[in-house]
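Worksheet: the structure to be examined is printed underneath.
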């Protein structure tokens, strides 16, 4: 068996300690599959004295992880610190610049700086791998980069954030409202103490921008992702969706629209027959549609120490085997810039929810705005609310261009009949 692949771990949080456990527990199996041992030789984290539940005594401790880039006994640096800038970015630049392989689980780093890092990697011949940055244990990047390499991917979409999916499916299961379910999710560790990154859709948008670049051969464009999270989804929306034959999921969706890049992360209604409608809890799932492969579905655990560590170590095994290609399936210089697609001409069914004053004439006012904007209503439900002076009106439209929905809402803007901003959710076809 050849010499070991020598690994330095920067960051010993949930994922870092998971990598340590996995390599220690499956050491012999990994070596047999990789054709050589994969060994951690050095580690670094902010607090050396913290008990992390793993034995680190056999590894060299570095108080400054920047030293990994120049260490002669290190072949690959695992960046598990997190954050799109600061120490994580500095380490990534230095390691790749010094010709060392970089493995990262940092989706924010790749979404914001992936092209720069890929350029450095190609210039120095240092591999850049980030399977763990998208969908945890699911080998979706590898599957698309290698297994679907001969296909033109028409579109890619999916459930990319486990926290949001857990919250929405829990709301669906027992009828509780968003705030109550989120608090329960935080109590059991399914949501962070500060969950904004997840529930506002930013995490899913980072992952979607990476998927879009890989699938379409376009330059990363995180800024072009139209993003809205799930904070405005109410229990009443969940109930009305179910009554109409749908479930609500936060969906990241990307495709090339007449050569322009469309990227959106929004809560959507999915028909019960759609494969993503069955994805509950903290599970992730990605659908890619190839022109020869047809629909491909990748599903599995999208977060946590075990699943994410599994993806990190899978990248290490590829490095040990010498099976490494271009990070984005082609040289970074071959990735094409793409304009951000306009959305007004996009057509589909839409769910609209209005919270209105419970008075005569409100329904007629909404109906007139829809009529004048050319929006045809397929169904309308006005569920009863317990007490108060408010009422909810839920509408599902026929197929309509998005610009027409915008026009209808503009006609209603400023109306004293509306007591909150209308909720708009697109309906994803089966």
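The values are calculated or read from the model by the stated rules, or taken from the named source; none is laboratory data. Predicted, not measured: the structure shown is a model, and the values here were computed from it. Don't worry about glycine lacking a Cβ; one is built from the backbone with ideal geometry, like all the others, and counts go over all protein chains shown.
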Open item on the list: Considering only residues that are part of a strand (DSSP E or B) and surrounded by fewer than 19 Cβ atoms within 10 Å (Cβ to Cβ), which ones fall in the range 268-288?
Closed with: 271
Open item on the list: I'd like the full set of residues that are in a loop (DSSP other than H, G, I, E, B) and under 21 Å from residue 286 (Cβ atoms), limited to the range 189-201.
Closed with: 190, 200, 201
TODO: Would you mind telling me which numbered condition in (1) surrounded by 13 or more Cβ atoms within 10 Å (Cβ to Cβ); (2) within 15 Å of residue 420 (Cα to Cα); (3) modelled with pLDDT under 95 residue 388 fails?
DONE: (1)
Open item on the list: Quick check on my filter: what residues within the range 315-344 are in contact with a helix residue (DSSP H, G or I) (Cβ under 7 Å, 6 or more places away or on another chain), part of a loop (DSSP other than H, G, I, E, B) and under 30 Å from residue 423 (Cβ atoms)?
Closed with: 343, 344
TODO: For the range 142-162, state whether one or more residues are in a loop (DSSP other than H, G, I, E, B), free of Cβ contacts under 8 Å to residues at least 12 places away in the same chain and surrounded by fewer than 16 Cβ atoms within 10 Å (Cβ to Cβ).
DONE: no
Open item on the list: Checking residue 103 against (1) touching a residue at least 60 places away in the same chain (Cβ under 8 Å); (2) farther than 19 Å from residue 119 by Cβ: exactly one of these is not met. Which one?
Closed with: (2)
TODO: Taking the options 257, 198, 174, name whichever one is closer than 30 Å to residue 144 by Cα and in contact with a helix residue (DSSP H, G or I) (Cβ under 9 Å, 6 or more places away or on another chain).
DONE: 198
- [ ] Mind listing whichever residues of the range 7-53 are out of contact with any helix residue (DSSP H, G or I) (no Cβ under 9 Å at 6 or more places or on another chain) and within 18 Å of residue 92 (Cβ to Cβ)?
- [x] 46
TODO: Could you grab me the full set of residues in the range 345-384 that are without any contact (Cβ under 8 Å) to a residue 24 or more places away in the chain, touching a strand residue (DSSP E or B) at 6+ places or on another chain (Cβ under 9 Å) and in a loop (DSSP other than H, G, I, E, B)?
DONE: 382, 384
Open item on the list: Among the residues in the range 418-430, are any outside any strand (DSSP E or B) and farther than 20 Å from residue 240 by Cα?
Closed with: no
Open item on the list: Being touching a residue at least 60 places away in the same chain (Cβ under 8 Å) and either within 17 Å of residue 222 (Cβ to Cβ) or over 13 Å from the mean Cα position of the chain (by Cα) (or both) is the filter here; which residues of the range 118-134 pass it?
Closed with: 118, 119, 121, 122, 127, 128, 129, 130, 133, 134
- [ ] Mind telling me which of the residues 40, 74, 110 ends up being in contact (Cβ under 8 Å) with a residue 40 or more places away in the chain and farther than 15 Å from residue 326 by Cβ?
- [x] 74
Task: Candidates 196, 191, 185, 204, filtered to the one that is in contact with a strand residue (DSSP E or B) (Cβ under 8 Å, 6 or more places away or on another chain) and under 28 Å from residue 156 (Cβ atoms) - done: 204
- [ ] Output the number of residues of the range 202-244 satisfying the condition of being touching a residue at least 40 places away in the same chain (Cβ under 8 Å), closer than 25 Å to residue 326 by Cβ, part of a helix (DSSP H, G or I) and more than 13 Å from the chain's Cα centre (by Cα).
- [x] 5
TODO: Determine, yes or no, whether residue 174 is in contact (Cβ under 8 Å) with a residue 24 or more places away in the chain and more than 19 Å from residue 16 (Cα to Cα).
DONE: no
- [ ] Among the residues of the range 219-242, count how many are over 17 Å from residue 354 (Cα atoms), touching a strand residue (DSSP E or B) at 6+ places or on another chain (Cβ under 7 Å) and surrounded by fewer than 23 Cβ atoms within 10 Å (Cβ to Cβ).
- [x] 6
- [ ] Answer with yes or no whether residue 172 is in contact with a strand residue (DSSP E or B) (Cβ under 9 Å, 6 or more places away or on another chain), in a helix (DSSP H, G or I) and over 27 Å from residue 13 (Cα atoms).
- [x] yes
